[in-house]
Amino acid sequence: MCKYFTYLIFLSLLPALCGSNTVSAVEEIWGEAEAASSITTPLQILDDTAASGGQYIANPTVGGASNTNPPSTGIATYNITIEEGGTYKLFLRVLCTVSGSSDDSCYIRIQGATPSATPGTGGWTNCNNIDGTMAAADTQVWFWAQARQYDSEPGNVITFDIPAGSYVLEIAYREDGLKIDGFVITNDPDVTTADLPDEIPSEEPCISKLAITNGDFETGGGVSITDVNGWYDN
């Protein structure tokens, strides 16, 4: 996951550089599903050369669904730190192993965050029909999908209001067969599934991008801002 060391350094410098301009940073927190802080059965780490990092998590037990209520076991946890605070999107990289309306759901929860749709039992969000049109499931390929709350807003994607701080993202199985490769949490309002890569970025300090409103830098040259895809120079 991206730790944002570089991001913190630049936030401390930018107010002096930008004067009265408004400075905000776009935050991205990436994670490989198999790199969880904890994983309980029946979730397992399995291999697939097409998955980012060559591994993913899933409940491989045929008929082992937990459709009615979130399970008490079969949960993967991820420690995350939110630096900016605000409204965030959660995307999952997944593969549905059965065409149709099966093997396409899981439960997600970030305790302390407020989802835009009312969560279900225990604060869990029923992330069902996550591939939408089912086209991706028909071809059985890995794809990105934004989290949604099926119970209260079927078909609609959701966001999370998250204050700055430390949290635990929890992903629990719902239908057996759904494969989960990784995730990204971001406060970028413009990002879509089409923008996300097949490989989860490695643990490197990074800034996704910086937005400076009401004008440009008020200083001369010599300022460089690091981006995951290169350098931006003033």
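What follows is calculated from the coordinates using simple rules that are stated; it is not laboratory data. The model shown is predicted, which means the values in this text are computed figures rather than measured ones. Methodologically, a virtual Cβ is constructed for each residue, glycine included, from the backbone with ideal geometry; neighbour enumeration extends over all protein chains shown.
May I ask you to sort LEU178, LEU196, LEU92 by Cβ crowding, counting other Cβ atoms within 10 Å and putting the fewest first? Numbers along the way, then the final one.
Numbers: LEU178 27, LEU196 19, LEU92 22.
Result, fewest neighbours first: LEU196, LEU92, LEU178.
Mind sorting LYS89, LYS179 by how few other Cβ atoms lie within 10 Å of their own Cβ, fewest first? Mind dumping the intermediate values first?
On the way: LYS89 18, LYS179 21.
Ascending Cβ contact count within 10 Å gives the list LYS89, LYS179.
Need the full-extension length gain, SER202 to THR97, defined as separation in residues times 0.36 nm minus the C-alpha distance. One decimal, nm.
Details: separation 105, 0.36 × 105 = 37.80 nm, distance 2.66 nm.
Residue separation times 0.36 nm, minus the Cα-Cα distance, leaves 35.1 nm.
When the Karplus curve 6.51 cos²θ - 1.76 cosθ + 1.60 is applied with θ = phi - 60°, which whole-Hz ³J(HN,Hα) does each residue of segment 140-147 get, with x for Gly and Pro?
6, 10, 6, 8, 8, 9, 7, 4
State the extension gain, in nm to one decimal, for the chain segment bounded by ASN69 and ALA194, taking 0.36 nm per residue of separation less the distance between their alpha-carbons.
Details: separation 125, 0.36 × 125 = 45.00 nm, distance 3.17 nm.
Contour length minus the Cα-Cα distance gives 41.8 nm.
Ranking PHE183, PHE91 by Cβ neighbours within 10 Å, fewest first, what do you get?
Numbers: PHE183 25, PHE91 22.
Ordered by Cβ neighbours within 10 Å, fewest first: PHE91, PHE183.
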